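Working notes, beginning with the structure itself.
The values are calculated or read from the model by the stated rules, or taken from the named source; none is laboratory data. Computed from a predicted model, the values in this text were never measured in an experiment. FYI the Cβ positions are ideal-geometry reconstructions off the backbone, even for glycines, and counts take in every protein chain you see. Just so you know, the surface numbers come from the protein's heavy atoms only, side chains and all, with ligands and any DNA or RNA stripped out. Shrake-Rupley method; radii C 1.70, N 1.55, O 1.52, S 1.80 Å.
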Amino acid sequence: MTAAPPGLPGWSGLLAFADGGHGADGSGWSGSLPLTHGGHGVDGSGWLPLVPVALLAGGYLLAAVRDPRGWDHRRTAAWLAGCALLAVAVGPLAQLPDDPRGHMAQHLLLGMLAPLGLVLGAPVTLLLRVAPPPTRRLVGRLLRARLLHLIAHPVTVALLGTGGLALVLLTPMYAAAERHSALHHALHLHYVAAGYLFAWALAGPDPAPRRPGLAVRVGALLGAAAGHAVLAKYLYANAEILPPGLTDRDPAAFQSAAQLMYYGGDLAELFLAVALFATWYNRPDRLRPPRSTLINSTGRALPGWRRAG
Amino acid sequence: MADSIVPRTRTADVPDGRSSALAGVLIGVAIMAAVDEIVFHQLLAWHHFYDRSTPSVALLSDGLLHAAEVIALVGGFFWFADLRRRRALSGRLAWGGFLLGAGGFQLFDGLIDHKVLRLHQIRYGVHLVPYDVVWNVAGSVLLLAGAAVVWWSRSRRPGDGRR
């Protein structure tokens, strides 16, 4: 997550932001941005979506400091990186004038890259460590709920995610979201939630009871990534008519947005594949065969949800 | 956790020849697919980001190929690292598998994709025969070299168990 991935426009600025201002509030720079033209769909109050992001970062930091056993700083870094990407997506990128490329960069950050950082931050494990027993029981019950296992099954999430994307981009929903800011924000929330669910279902250190085996998860990633790539190329090829329902369209801009979607999706697929196979590589029962059997026989580590190594 | 893809071998210090060769095949296929895509599709641009003349099946197969290639590359290297960590890696068989995978993919691409399914050709607007010959002969050489390495390292394995 910390490697600097090439290929996204404005990435260097984004990293500079992640280095300089990933604190709990993000208020240091939002005031210096030109808020005059208001962006798309956000009426004047362009900084408002930053509040939940700041709460996420601040709450996590507070919990990490209070963790009695000491919290892994790499997890904190991953979470803050995820929050920084969210902040970039709902802050500076939302202030850009109406442009499909800006929207696409926003969607990539919200739906793919930021959720992976958040998942690698292991917020549920942190919550289970610092929360009072009633909350822990509630989280445990939630994690064992059959409905969650159905919704968070990798295949379900892949279908919902890629299918939802197709629904937005191939129907007049995209044009509608341009006009109605409530729908616009709801869609963004949906991207973050779907991306988080997908990354969590496939990989990550948080507890995931009944997470299916490696083959199913690899298959789901394969299907989702292929669907994403095909959708991007389909949009590129039909930039004159898709997404439908727009009044003044710029096919060239939509084509470069589709290219951004294609290569950005690649990058996210690569990161997700690394995270997925890393959970296999680091699973507790496989670490250093002769000696680690002794360590593992203490029963401390539940399969698949403690960071190992 | 699932061990359906990777056979479970708990004993360390014993080379797992079959896994070594298969991990090599996986990496070989993925690297050759990546070379094909990066060098021929993107750097030389002999075919394009989206080729308007190809049917929608090609679009789907291209997307699948690309996704599979990235996943196979990452998965293959993690598998390789796991075998190495457990000292179960047979280096020769992994190299043999790598050559088998690379050559096999190139030959498959040259014969099935290019000639049987006619999804795309190596290059457009030129005389194709020299390109096809070079492509497929190179693939065959890689494939035969891989088969030779695998055969050679298997035939001498009973003598010295290691490597």
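For this structure, a couple of remarks:
- Cα gyration tensor category, rounded, prolate or oblate, for the range A:44-116 with a/c compared to 1.5: oblate
- Largest to smallest accessible area among A:Phe198, B:Phe108 [probe 1.4 Å]: B:Phe108, A:Phe198
- For B:Trp152, the accessible area of its heavy atoms, probed at 1.4 Å with every protein chain present, is near 120 square angstrom.
- Put A:Met261, A:Met104 in order of accessible area, highest first, and with a 1.4 Å probe you get A:Met104, A:Met261.
- In sequence order, calculated HN-Hα J values of the range A:98-115 (Karplus, 6.51, -1.76, 1.60; Hz; x Gly/Pro): 3, 7, x, 5, x, 4, 5, 4, 4, 5, 4, 5, 5, x, 10, 7, 4, x
- Largest accessible area first, the listed residues A:Ile241, B:Ile112, B:Ile38, B:Ile27 line up as A:Ile241, B:Ile38, B:Ile112, B:Ile27 when surface is computed with a 1.4 Å probe on the assembled protein chains.
- Cα gyration tensor, the range A:138-181 - rounded (a/c under 1.5), prolate or oblate: oblate
- Taking Cβ atoms as reference points and 15 Å as the exclusive limit, the residues near A:Leu150 contribute a net charge of +4, counting Lys and Arg as +1 and Asp and Glu as -1.
- Looking at the range A:47-87, the trypsin sites (Lys or Arg not before Pro) that sit in a DSSP loop and have at most 10 other Cβ atoms within 10 Å of their own Cβ are A:Arg69.
- A:Arg211 - accessible surface, heavy atoms, 1.4 Å probe, Å² rounded to 10: 50 Å²
- Neighbours of A:Asp248, meaning other residues whose beta-carbon lies under 14 angstrom from its beta-carbon, give a summed charge of -3 when Lys and Arg score +1 and Asp and Glu score -1.
- Selection from B:Gly63, B:Leu89, B:Leu111, by position along the positive dipole direction of the range B:58-111 (Cβ): B:Leu89
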